[in-house]
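The values are calculated or read from the model by the stated rules, or taken from the named source; none is laboratory data. Because the structure is predicted, anything quoted here is derived from the model rather than measured. No Cβ is skipped: glycine too gets one built from the backbone with ideal geometry, and neighbour counts run over all protein chains shown. Remember, those area values only see protein heavy atoms, side chains included, never the ligands or the DNA or RNA. Shrake-Rupley method; radii C 1.70, N 1.55, O 1.52, S 1.80 Å.
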Amino acid sequence: RGTARAMSVHVHRPASLPGVAVVVIDSPKTVNAITQVMLLSLAKAFRDLRVDRSVRAAVLTATGRRAFSTGIDLGDAERVFKMDESRLDDDIVHQMELCPFPIIGAINGVAINAGFELALACDVLLASPRASFRDTHAAFGILPSWGLSQKLPRIVGANVARMTSLTSAPLTATDARRSGLVNEIVHEADDVMAGGADAG
């Protein structure tokens, strides 16, 4: 069993789940808002895992029960938006897409903008009853970075996607399950969703 920590990102290898790596966004004081350093750390975590033949599946989750991620940390937004998009090694979604194993998103709270896009990059989504998904890009006049406007309609249908993105209204766990975004609403997985999966 091992744990690696790097700039508010943890990678756990729970002894109780052989072959599974748990990647945790760990910044509960900022409701898991994502900085440039965290994006680089997440990309490196999945870059390392995808070449590790012992990994058969990964779980992406976050610490705490309020938020999976509230999106980009506004205090670090300038540095995030200046990142070189051609450096695919540093692109978290690209690295997730290259993984040869399934990635399960364990969504424990709100997933907003970049947090929503990270959830969409997962192959399977499990959500707690308090989870919700929100796209507020239109309200701020900015475009999603990782294909949310293309991925969401393919999954939930054009009508639900339009309402979600144009109104910035949250999509509840129940509605997300009904529309096909969430595979299951899970009541009994609080330890995993809180980022504490056998982390000792």
Checklist entry - All other residues with a Cβ under 14 Å from the Cβ of Gly71 taken together, and with Lys, Arg as +1 and Asp, Glu as -1, what is their net charge? => result -2
Checklist entry - What number, rounded to the nearest 500 deg cm²/dmol, is the helix-based mean residue ellipticity at 222 nm of the chain, given -39500 (n - 2.57) per DSSP H run of at least four residues and division by all its residues? => result -8500 deg cm²/dmol
Item to check | the chain, accessible area per residue, ligands and nucleic acids excluded (1.4 Å, Å²) | outcome: 49 Å²
Checklist outcome for this item: Read-out Cα Rg over 2.2 N^0.38 Å, candidates (i) 1.19; (ii) 1.12; (iii) 0.95; calculated match is (iii)
Next on the checklist: Helix check for the chain. Which DSSP H runs span at least 18 Å along their own axis by Cα, with a mean Kyte-Doolittle hydropathy no less than -0.5?
Outcome noted: 36-49
Checklist entry - Order of 30-38, 148-156 by packing, highest average Cβ count within 10 Å first? => result 30-38, 148-156
Next on the checklist: Quick check: at a probe of 1.4 Å, how many percent of the accessible area of the chain sits on carbon and sulfur atoms?
Outcome noted: 54 percent
Checklist entry - At Asn159 and Val37, where each label point lies 7 Å from the Cα along Cα→Cβ, what is the point-to-point distance in nanometres? => result 4.7 nm
Checklist entry - Taking the alpha-carbon centroid of each part, what is the distance from the stretch 14-35 to the stretch 68-83 in angstrom? => result 18 Å
